[in-house]
Amino acid sequence: MPVIFKRRQAASGLNAAVSALEQAVAARDGARTERAFKATMKRLKSAADTELAPTGPRLAALLPAFPPTGPRPMLATAAGFCVERGADPTACAKPILGGVHRDLLDALEFARRWTAAGETGDALPKPDERIVGDALPARLGCDAPEATRLALAWRSAEEWQPPALAVLCRSAEVRRRHGSELLPACRDLAALRRHDLTCLAHALAVLDDEPLVVLHRPTGNGFEVRIGGIGDNFQLHTLLAHVLVGGGHVPGTAPSAESVRLATDPQPARGRTGTVATGAFELLAPDGGRIWNEGLPADIPVVEGRRLLVLDEPAYRRSWNADRFFPLLPGTAELTGVLSADEARTWFARTSSGEGT
C-alpha cells in the first residue's frame with residue numbers, strides 16, 4: 001500500500017489527555033476536569049520533549065478558565081515543566097504570570113480581611129494551616145466560594161514560584177513585560193512574613209539591558225556599564241571586578257576565570273561548586289549608604305535618570321560562593337564607555353562626598 005494511504009497514527013497519550021482536559025474545562029464539568037487533569041499529570045511524566053514543547057502553551061492557556069478552587073498552581077507547574085523541557089516561555093508566560101498575580105492579590109485581600117476582622121495582636125495564620133472551614137466566610141465577610149478562593153490563594157502563594165521562575169529565567173522579554181506589574185504585590189505579600197517569596201521577588205526585579213554609571217572613588221574615574229540577567233549583587237560584584245579590574249581600568253585583584261564563568265556561562269553549573277569569589281570593592285549608594293551584596297542591582301538608586309553606583313576600597317576582606325543565584329540565568333556586564341574627567345566630576349558631584357580622590 002502506498003505510504004500516503006497508511007492509516008494516520010492515533011494521538012499520543014499526552015495529546016489525548018490534554019484534549020480531554022481542554023474539553024472538560026470548556027464544558028465547566030468539575031468531575032471530568034478532575035479526571036482529565038489526573039490523566040494529564042500522569043502522561044507528562046513519561047512524555048518526550050517533542051511532545052512537551054507544544055503541550056506547554058496549551059496547559060498554560062487553560063489557567064484563566066480553570067476552576068478557581070482547583071489545583072491551579074499545579075496546572076501552572078505542569079506548564080512550567082514543559083517550558084523547562086523546551087516549550088516557548090513567551091507563549092506560556094501571560095497565563096502563568098496572570099495566575100501568579102491573581103493569587104498574590106487574593107492572598108493580600110485574604111490578609112486584609114482576616115486582620116480587619118480580628119483583634120489587636122491577632123496574627124495571620126500560617127499558609128499550611130487548615131483555615132478553610134464553616135467560620136471562614138463570617139471572618140472574611142464574604143460568601144463561602146469567595147472565602148475559599150481567598151484562603152486557597154493564601155495557602156498556595158509559594159506554589160506559584162516554580163512555574164513563574166520557569167518562564168522568568170528563560171526570557172528577558174517575559175521579565176520586561178511582567179516584572180514591574182507583579183513585583184509590588186509580591187513584595188507586599190512577602191512583607192507580611194508568612195510566605196517565602198525570595199526567589200520570585202528576585203526574578204521579578206532582574207534588570208535587563210540596564211545602563212549603570214559606576215564611579216570608582218579611589219581613582220576618581222567613572223564608567224558606563226550595561227548589565228543584564230544578574231540575580232544578586234554578589235554576581236554583580238564579580239562582574240564589575242572582572243570588567244574594571246580585569247580590564248585594567250582600576251587597580252585591584254581580578255576575579256578568577258572560574259568565578260566569572262559561573263556568573264556568565266549560559267550553561268548552568270551542575271549542583272553547588274566550591275568556587276570562591278573575593279570582593280574587590282565596597283558597593284555604595286550615591287548618599288554613601290551600603291549596597292549589600294545580598295541585595296539586588298535594582299537596589300541601586302536612580303539619579304538623573306541613571307542608576308548610580310559608587311565603588312570604594314573594601315572595608316574588610318569578603319568572600320562568597322561564586323555560584324549564581326539563578327543557575328539558569330547567565331549575567332552580563334559590558335563596559336560601554338569611560339567617562340571623561342569632566343563627566344566623572346559631574347557625576348561625583350551628585351554623591352555624598354561631591355568628588356572622587
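The values are calculated or read from the model by the stated rules, or taken from the named source; none is laboratory data. Worth saying up front: this structure is predicted, and the values here are computed from it rather than measured. With ideal geometry, Cβ positions are generated from the backbone for all residues, glycine too; neighbour counts draw on all protein chains shown. These area figures cover heavy atoms from the full protein model, side chains too; ligands, DNA and RNA do not enter into them. Shrake-Rupley method; radii C 1.70, N 1.55, O 1.52, S 1.80 Å.
Listing for the model above:
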quantity	calculated
Residue within region 279-293 that is charged (D, E, K, R) and within 21 Å of residue 199 (Cβ to Cβ) present	no
Residues located in region 29-47, provided they are among the basic types (Lys, Arg) and in contact (Cβ under 8 Å) with a residue 24 or more places away in the chain	42, 43
Selected residue (criterion: modelled with the lowest pLDDT) from residues of region 302-329 that are of a type in the set (Gly, Ala, Ser) and assigned to a loop (DSSP other than H, G, I, E, B)	315
Any hit, region 173-183, residues being polar (S, T, N, Q) and either in a strand (DSSP E or B) or on the phi > 0 side of the Ramachandran plot (or both)	no
Meets criteria (more than 23 Å from residue 279 (Cα to Cα) and out of contact with any His (no Cβ under 6 Å at 6 or more places or on another chain)) for residue 340	yes
Residues of region 60-80 satisfying the condition of being over 19 Å from the mean Cα position of the chain (by Cα) and either aliphatic (A, V, I, L, M) or outside any helix (DSSP H, G or I) (or both)	61, 62, 63, 65, 66, 67, 68, 69, 70, 71
Every residue from region 31-44 that is over 17 Å from residue 84 (Cα atoms) and open to solvent by 50 Å² or more (accessible area, probe 1.4 Å)	31, 32, 34, 35, 38, 42
Tabulated pairs, region 244-271, first touching a residue at least 60 places away in the same chain (Cβ under 8 Å) and farther than 19 Å from residue 309 by Cα, second among the basic types (Lys, Arg) and assigned to a loop (DSSP other than H, G, I, E, B), C-beta under 6 angstrom, 6+ apart or interchain	263/324
